[in-house]
Amino acid sequence: MTTQPSQSAQIQLQHPAAAVTGRYIGAQTGARPRPKAEQANFTALVEDHSKDLFRYAYRLCGNHHTAQDLVQDSLLRAWRSFGQLQDPAASRGWLKTIVRRENARRFERIQPQETELSDLTLVAPGKDYDTSTEAFVLRQALQDLAPEYREPLLLQVLHGCSQQEIAERLGLTSAGVGTRLFRARQKLRGALGELG
């Protein structure tokens, strides 16, 4: 069971706005100098959401230091693309999406070690497969979804694809993918509500 970090542990996180908007990071990354108003807006955004981002990152990885790194890396990415944020009201979701994708990138960097099959001792599969009733009901509800709803939902939830990436993969418009994702969740909620 993982526990939430204490309030003092969260404060030990280097202030993200200072790390991202400071001269050192900008000089290191070759980022263009930003207007003071843009820096102030980003600093305010970070101050408003940094604790939530840390808690979210901690839930994703379960490790205090990794969560700190995730938040720092995510805020650096957010700073680099801050000009692309069109709706400041959507900033929380935008930042959480960056944290989630940064967490996924952590696993992309892992290079699995190859081994010879003859060196392996084959054993019966363990209890890695969730055999609970809830997991069975969820798998069944997903299987019962029509493929045009199931595929975009799984691409987003399991593979972390954005709506635009899903649209490109499936040859649909972004709005069409949004509609399918909405309907998939709606149908899944209905199926789980009827079964639960």
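Here, each number is a calculation from the coordinates, and none is a lab measurement. Note that the structure is a prediction, hence the values are computed from the model and not measured.
Remarks
- Principal axis box of the stretch 131-195, alpha-carbon based, largest edge first, Å: 35, 20, 14
- For the stretch 84-96, putting each phi into the Karplus relation 6.51 cos²θ - 1.76 cosθ + 1.60 with θ = phi - 60° gives couplings of 7, 6, 8, 10, x, 5, 9, 5, 4, x, 4, 5, 5 Hz, in residue order, rounded to whole numbers and with x for Gly and Pro.
- Computed over the stretch 131-195, relative contact order equals 38 percent, with contacts defined as Cα pairs under 8 Å that lie 6+ residues apart.
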